[in-house]
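*Asks:* Before I ask anything, let me first share the structure, which is written out below as structure tokens.
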Amino acid sequence: MVMGVIGKPHGVRGLVRVNAFTAEPEALADYAPLTSRDGRQFALEWVSGNVAQLSEIIAGKKRKITDRNEAERLVNTELLVPRSKLPEADEDEFYLADLIGLAAVAEDGKALGTIAAVHDYGGGTSLEIMPGSMVVPFTKAAVPEVNIAAGRVVIVPPAEVVVTP
């Protein structure tokens, strides 16, 4: 699961800004090793705020990234951890990734499709439902029911959302 993203370099000594998706940003460091999509492994130490010193883990040894140019090449690198490292969600909670693949149905039970992706671009989370690529805000009004055990969510699309068959 994506737990963070490496952002812009901070200074000239390889420090980077990191956007953490953990409840407490500092907790991201506790999940090391963090893995990129290409299989590279990283550890991080927080310096201040959202600025961190990254180390690449190679053959079990940490190598600090101390060069701005190397740090620039890591911008937008997603930091992943296996699902097994995450705590279990409480009974009435779930991870957003758990929504992907669930059936999306209307209030009357009519099938609308399947949740293909969960997006969050900073203005709020939205669900992309395929086929037809319908996107609805992930709010209580638009998604009044989430039932992970039953494998479905109930969707009440806002008036401005076009529902395609």
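*Asks:* Hey, can you tell me all the residues within region 12-26 that are within 21 Å of residue 64 (Cβ to Cβ) and without any contact (Cβ under 8 Å) to a residue 60 or more places away in the chain? Break it down into steps so the answer makes sense when it comes.
*Replies:* Just the residues of region 12-26 that are within 21 Å of residue 64 (Cβ to Cβ), to begin with: 12-20, 25-26.
Hits for region 12-26 are 12, 13, 14, 15, 16, 17, 19, 20, 25, 26.
*Asks:* Checking the conditions here, which among 117, 27 is surrounded by fewer than 15 Cβ atoms within 10 Å (Cβ to Cβ) and over 30 Å from residue 158 (Cα atoms)?
*Replies:* Unique residue meeting the criteria: 27.
*Asks:* Now, a different point. Restricting attention to region 136-145, report how many residues are surrounded by fewer than 16 Cβ atoms within 10 Å (Cβ to Cβ) and among the hydrophobic types (A, V, I, L, M, F, W, C).
*Replies:* Residues that pass the stated criteria total 1.
*Asks:* Looking only at residues that are modelled with pLDDT under 95 and in contact with a strand residue (DSSP E or B) (Cβ under 7 Å, 6 or more places away or on another chain) in region 15-27, which one is nearest to residue 46 (Cα to Cα)?
*Replies:* Here the residue is 26.
*Asks:* Now for a different question. Restricting attention to region 133-152, which residues are polar (S, T, N, Q) and over 20 Å from residue 123 (Cβ atoms)?
*Replies:* Taking region 133-152 and keeping what is polar (S, T, N, Q), we get 133, 139, 147.
Within region 133-152, just 147 meets the criteria.
*Asks:* Identify the residue in region 38-93 that is among the basic types (Lys, Arg) and at pLDDT 95 or above and, among all such residues, is surrounded by the fewest Cβ atoms within 10 Å (Cβ to Cβ). Steps first, answer last, please.
*Replies:* Of the residues in region 38-93, the ones among the basic types (Lys, Arg) are 40, 61-64, 68, 73, 83, 85.
If we keep only those that are at pLDDT 95 or above as well, we get 40, 61-64, 68, 73.
On the way: 40: 14, 61: 8, 62: 15, 63: 11, 64: 13, 68: 16, 73: 12.
Among those residues, the one meeting the criterion is 61.
*Asks:* Would region 113-121 turn up any residue that is out of contact with any strand residue (DSSP E or B) (no Cβ under 7 Å at 6 or more places or on another chain) and either among the hydrophobic types (A, V, I, L, M, F, W, C) or under 27 Å from residue 81 (Cα atoms) (or both)?
*Replies:* Within region 113-121, the first condition is being out of contact with any strand residue (DSSP E or B) (no Cβ under 7 Å at 6 or more places or on another chain), and the residues that meet it are 120-121.
With either among the hydrophobic types (A, V, I, L, M, F, W, C) or under 27 Å from residue 81 (Cα atoms) (or both) added as a condition, the list becomes 120-121.
Yes; the residues of region 113-121 include at least one that is out of contact with any strand residue (DSSP E or B) (no Cβ under 7 Å at 6 or more places or on another chain) and either among the hydrophobic types (A, V, I, L, M, F, W, C) or under 27 Å from residue 81 (Cα atoms) (or both).
*Asks:* What are the residue pairs meeting all of these: first residue in region 126-147, first residue closer than 11 Å to residue 115 by Cβ, second residue aromatic (Phe, Trp, Tyr), Cβ atoms under 8 Å, and 6 or more apart or on different chains?
*Replies:* Short answer, once both residue conditions are applied: 126/138; 127/138; 146/94.
The values are calculated or read from the model by the stated rules, or taken from the named source; none is laboratory data. What you see is a predicted model, and the numbers here were worked out from it, not measured in a lab. Reconstructed Cβ throughout: ideal geometry from the backbone, glycine too, with neighbour counts over all protein chains shown.
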